[in-house]
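Notes to accompany the following structure.
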Amino acid sequence: MSIAALRLPITSTQRARILLSAAFVAVVVILFATGTLPARRWEPFLVPTTWTFFLGGMRETLYMGVTALVASVLIGLPLGILRADLRGPLRILVVLWVELVRATPILAIILIVFFGLARAGINLSGTTAAIVALAVYNSAVLGEIVRAGIGSIARGEVEASRSLGLSYPQTMRYVVLPQALSRMTPAIVSQLITLIKDTSLAFIVGGTVELVSTGRSFFVYYGNVMETYIVLALLFFSINYPLSRLSRRLEARRPAEQRLIVTGEEDQLATATAAIPGAMPRQVTGTER
Amino acid sequence: MPNLALQPLLENADVFVVGFRNTLFLSVVGMAGALVLGTFVASLRVWGGPFLSGLGTAYVEFFRNTPLLVQLFFFAVLLAPANLGVTRDPVLVGAIALSLYTGAYVTEVIRSGVLSVDPRQLEAARSLGLSQVQSLRYVMLPQAIRTVIPPLGNISIAHVKNTAIASGIAAVEILKAASIVETRTAAFEAFYLALVLFWSLTIPLAFLVSRLERRFAFAR
């Protein structure tokens, strides 16, 4: 254990080793599973129609994730602005809503949206209910991201723009939001990773055709449970790993004072800690104005 | 406010007690496992040499970028009597899978906590005559702990919420308990009780974490 080893520079050879060992792990896992189960259970994956089937599931997963993200940004933007700049009882309501939603497991929200609305006579399909529930939860998270983004803009800029005669909406529109949005992009990308993983939770209401449900109906037919889950995990990985690399690259490009961290969300934390080798980012939780 | 049917909930209080206990088990045991695993993998990533650190990276990236639900399903089958024969208890499987999932996030936090201490401080400590262990214990640890505590608090909030996903493998935690009671009595209020029970864990935890964040906020 040498002190010099504390700072491992990432060289191309090391990257190669990392990739190699990742491949090694994958091979070990696959060998392990085939050791416990016969190789014929991998055979269904050689049929081309299997992949058109799984691609359909991937498309649905991406559709659900992206739709929920767009809805969350649209709802989260006003929530974040209200929480950052509002005074009085309405602000308390917004804070209460955001904090309660973020303290709730997403699976519980999905169940309540699906069965609750069904009791009220509104019958949503499993997919729609899941998208609505994901948007409810993630709009609260996006609200926090927006608040942290607005809070990270130097107060002097707002004061300068106000004293130059711009109204509050104009200040927001032309000074604060353009900068805040660009600082928020890494956080939004890593929220998309969370969303794509969370589309799998739609299984609980049934009747969906996203990737996990697709896989489940696949192994019910072929009886290759473990193999299918390995393939599902690899498919999710193939979507999310590039996204997490992108998010980290976007984050690492920014100077430290422009990095946001949203508390309580594991993927947000992961981006923030991984982006800066050697330092934990400052916790920007949106300063009060 | 609509009339709340509390009677069916009281009659099935035992189900909720089991659910709450299992959620606590998944939270505490799962998080403890994640801390042990995360510390171990983080030390591999920092001091383990190219191969072991590469293995650590592969673990972190794989578990972080795949859904917890898929991991739970996989381990439920893998550990079942038909395969490895470790256990068929869904709560135990849940605790193991949650440890592995959360452990990936803990690894990243602990690693960046260790790397946040300037290596020149350790060199200085060594040249002042402290042993390797002493310089880690008295120079690195006190600083790394300060950096690491607030994000670990945040991870544990996310972990408690993630325990609900263990209901996917039929572990009777709070949400599954609510579903059981709702099916049995048709009282939708069961889900509201589940919310309150989850909040009783996550909201105090969130308060604690925001206090710790303020306490440990410092300029480096």
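The values are calculated or read from the model by the stated rules, or taken from the named source; none is laboratory data. Quick caveat: nothing in here was measured; it's all calculated off a predicted structure. All Cβ positions, glycine included, derive from the backbone under ideal geometry; neighbour counts span all protein chains shown.
If the condition is being without any contact (Cβ under 8 Å) to a residue 60 or more places away in the chain, part of a helix (DSSP H, G or I) and of a type outside the set (Ser, Thr, Tyr), then the range B:165-193 contributes B:182, B:191.
From the list B:19, B:54, which one is free of Cβ contacts under 8 Å to residues at least 40 places away in the same chain and buried (at least 18 other Cβ atoms within 10 Å of the Cβ)?
Details: B:19 fails: free of Cβ contacts under 8 Å to residues at least 40 places away in the same chain.
So the residue among B:19, B:54 that is free of Cβ contacts under 8 Å to residues at least 40 places away in the same chain and buried (at least 18 other Cβ atoms within 10 Å of the Cβ) is B:54.
Can you tell which of A:29, A:98 is at pLDDT below 90 and either in contact with a helix residue (DSSP H, G or I) (Cβ under 8 Å, 6 or more places away or on another chain) or polar (S, T, N, Q) (or both)?
On inspection, the qualifying residue turns out to be A:29.
Test residue A:184 against the stated conditions and say whether it is crowded, with 24+ Cβ neighbours inside 10 Å and at pLDDT below 95. For residue A:184, the condition - crowded, with 24+ Cβ neighbours inside 10 Å and at pLDDT below 95 - is met.
Is it true that some residue in the range A:187-206 is assigned to a helix (DSSP H, G or I), closer than 30 Å to residue A:125 by Cα, among the aliphatic types (A, V, I, L, M) and over 24 Å from the mean Cα position of the chain (by Cα)? Within the range A:187-206, none of the residues are assigned to a helix (DSSP H, G or I), closer than 30 Å to residue A:125 by Cα, among the aliphatic types (A, V, I, L, M) and over 24 Å from the mean Cα position of the chain (by Cα).
Please find, among B:178, B:171, the residue that is under 23 Å from residue B:25 (Cβ atoms) and at the interface with another protein chain (Cβ under 9 Å from one of its Cβ atoms). If you could, list the steps in order and put the result at the bottom.
Values: B:171 fails: at the interface with another protein chain (Cβ under 9 Å from one of its Cβ atoms).
That would be B:178, the only listed residue that is under 23 Å from residue B:25 (Cβ atoms) and at the interface with another protein chain (Cβ under 9 Å from one of its Cβ atoms).
Take residue A:225 and tell me if it is modelled with pLDDT under 90 and more than 16 Å from the chain's Cα centre (by Cα). Against the criterion (modelled with pLDDT under 90 and more than 16 Å from the chain's Cα centre (by Cα)), residue A:225 qualifies. The residue that is surrounded by the most Cβ atoms within 10 Å (Cβ to Cβ), among those in the range A:100-121 that are within 22 Å of residue B:206 (Cα to Cα) and without any contact (Cβ under 8 Å) to a residue 12 or more places away in the chain, is A:105. Filter the range A:198-211 down to the residues that are within 8 Å of another protein chain (Cβ to nearest Cβ) and surrounded by fewer than 24 Cβ atoms within 10 Å (Cβ to Cβ) and list them by number. Once the filter is applied, which keeps residues that are within 8 Å of another protein chain (Cβ to nearest Cβ) and surrounded by fewer than 24 Cβ atoms within 10 Å (Cβ to Cβ), the range A:198-211 yields A:203, A:204.
Before we move on, is residue B:66 at the interface with another protein chain (Cβ under 8 Å from one of its Cβ atoms) and either in contact with a strand residue (DSSP E or B) (Cβ under 8 Å, 6 or more places away or on another chain) or at pLDDT 90 or above (or both)?
yes
Output the residue which, of all residues in the range B:2-53 that are of a type in the set (S, T, N, Q) and more than 20 Å from the chain's Cα centre (by Cα), is nearest to residue A:22 (Cα to Cα). The qualifying residue nearest to residue A:22 (Cα to Cα) is B:53.
Got at least one residue in the range A:148-156 being among the β-branched types (Val, Ile, Thr) and either modelled with pLDDT of 90 or more or within 22 Å of residue A:86 (Cβ to Cβ) (or both)? Yes, there is a match, as at least one residue in the range A:148-156 is among the β-branched types (Val, Ile, Thr) and either modelled with pLDDT of 90 or more or within 22 Å of residue A:86 (Cβ to Cβ) (or both).
State which residue is surrounded by the most Cβ atoms within 10 Å (Cβ to Cβ) when the search covers only the range B:72-87 and only residues that are within 15 Å of residue A:216 (Cα to Cα) and within 7 Å of chain A (Cβ to nearest Cβ). Result: B:73. Considering the range A:216-233, and only residues there that are in contact (Cβ under 8 Å) with a residue 40 or more places away in the chain, assigned to a helix (DSSP H, G or I) and more than 8 Å from chain B (Cβ to nearest Cβ), the residue that is nearest to residue A:270 (Cα to Cα) turns out to be A:231. Pairing each residue of the range B:128-140 that is away from chain A (no Cβ under 12 Å) with any residue that is assigned to a loop (DSSP other than H, G, I, E, B) and surrounded by 13 or more Cβ atoms within 10 Å (Cβ to Cβ), provided the two are 6+ apart or on different chains, yields C-beta distances under 8 Å for B:138/B:130.
Tell me which residues, restricted to the range B:22-79, are outside any helix (DSSP H, G or I) and over 23 Å from residue B:157 (Cα atoms).
B:48, B:79, listed by residue number.
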